[in-house]
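> Provided herewith is a single structure, encoded as structure tokens, for subsequent inquiry.
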Amino acid sequence: MDTYTQKVLEHFQNPRNAGEITNADGVGEVGNPTCGDMMRITIKVDDGRLSDIKWKTLGCGAAIATSSVMTELARGKTIDEALATITRENVAAALDGLPPAKMHCSNLAADGLRAAIDDYLKRHPTAAEEKAD
Ligand code: FES
């Protein structure tokens, strides 16, 4: 597949959950050194669930579409569910796939979410302990 799917185009044109959460519980910043694209993910966690998630992406159309769909997949999930189910592959699959040359763009979204969760767990050591139990 060398072209973008309808889902990619739809998320690119109508991105969901764009922006930044003030007083976020976790912040993740990732970048791709090859293309130079960057993504900042902010999350809010209530009772172990991702009650809110937003993104700011300086990048290509695929990076914007993957940011958008990733937040839809993540919102409302527990930390464990998000870590288990939101992978690089699943983000691309939620958009009905990406052209091979653009697969790395979905890595940014999954990695950005993980970085934000890692930051949350570092700031809230008791949540990390409960997660480990
Ligand atoms: Fe690098 Fe899309 S070209 S994230």
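> Restricting to DSSP H runs of at least four residues, report the calculated mean residue ellipticity at 222 nm for the chain, -39500 (n - 2.57) per run over all residues, nearest 500 deg cm²/dmol. Each step should come with its number before you reach the end.
Working: 6 runs with 65 residues, N = 133.
Theoretical 222 nm ellipticity from helices: -14500 deg cm²/dmol.
> Would you mind getting the accessible area per residue of the chain, heavy atoms of the protein chains only, 1.4 Å probe, in Å²? Could the numbers behind the result be given before it?
Values: 6700 Å² over 133 residues.
On a per-residue basis, the chain sits at 50 Å².
> Using alpha carbons only, how many degrees (0 to 90, rounded to 10) separate the axis of helix 61-74 from the longest principal axis of the chain?
Computed tilt is about 40 degrees.
> Given Cβ point charges of +1 (Lys, Arg) and -1 (Asp, Glu) and nothing else, what value in debye, to the nearest 20, does the dipole of the chain about its Cα centre take?
Working: 15 positive and 20 negative charges, 66 e Å.
Computed charge dipole of the chain: roughly 320 debye.
> So, one more: If one computes the Cα centroid of region 72-122 and of region 4-57, what distance in Å separates the two points?
Region 72-122 and region 4-57 have Cα centres spaced 10 Å from each other.
> Just order 100-106, 50-56, 122-128 by mean Cβ neighbour count inside 10 Å, highest at the front, would you?
On the way: 100-106: 18.3, 50-56: 21.4, 122-128: 12.6.
Descending mean neighbour count gives 50-56, 100-106, 122-128.
> Helix 103-123 versus the longest principal axis of the chain: what is the Cα-based angle in degrees, 0 to 90, to the nearest 10?
That helix lies at roughly 10 degrees to the long axis.
> Just the number, please: Stokes-Einstein D of region 22-108 in µm²/s, Kirkwood Rh from C-alpha pairs, 4 °C, 1.567 mPa s.
Numbers: Rh = 13.2 Å.
The calculation lands on 98 µm²/s.
> Further, regarding this structure: Of Lys44/Lys122; Lys77/Lys122; Lys44/Lys102; Lys56/Lys102, which pairs sit farther than 22 Å apart, going by alpha carbon to alpha carbon? Don't skip to the end; give the middle numbers.
Numbers: Lys44/Lys122 14 Å; Lys77/Lys122 19 Å; Lys44/Lys102 29 Å; Lys56/Lys102 19 Å.
Where the Cα-Cα span goes over 22 Å, the pairs concerned are Lys44/Lys102.
> Return the carbon/sulfur percentage of the accessible area of the chain, one whole number, probe 1.4 Å, all protein chains in place.
Numbers: 3430 of 6700 Å².
Exposed carbon and sulfur together represent 51 percent of the surface.
> Would you work out which of Leu50, Tyr120, Ala92 lies farthest towards the positive end of the dipole of the chain? Charges go on Cβ: Lys and Arg +1, Asp and Glu -1.
The one lying farthest along the dipole's positive direction is Ala92.
> Can you tell me, using C-alpha contacts under 8 Å and at least 6 residues apart, the relative contact order of region 3-133 as a whole percent? Before the final figure, lay out each step's value.
Values: 237 pairs, mean separation 40.2, N = 131.
Reported relative contact order: 31 percent.
The values are calculated or read from the model by the stated rules, or taken from the named source; none is laboratory data. Source: prediction; values computed, not measured. So basically every Cβ, Gly included, is an ideal-geometry build from the backbone, and we count neighbours across all protein chains shown. Note: accessible area is taken over every heavy atom of the protein model, side chains too, but ligands, DNA and RNA are not part of it. Shrake-Rupley method; radii C 1.70, N 1.55, O 1.52, S 1.80 Å.
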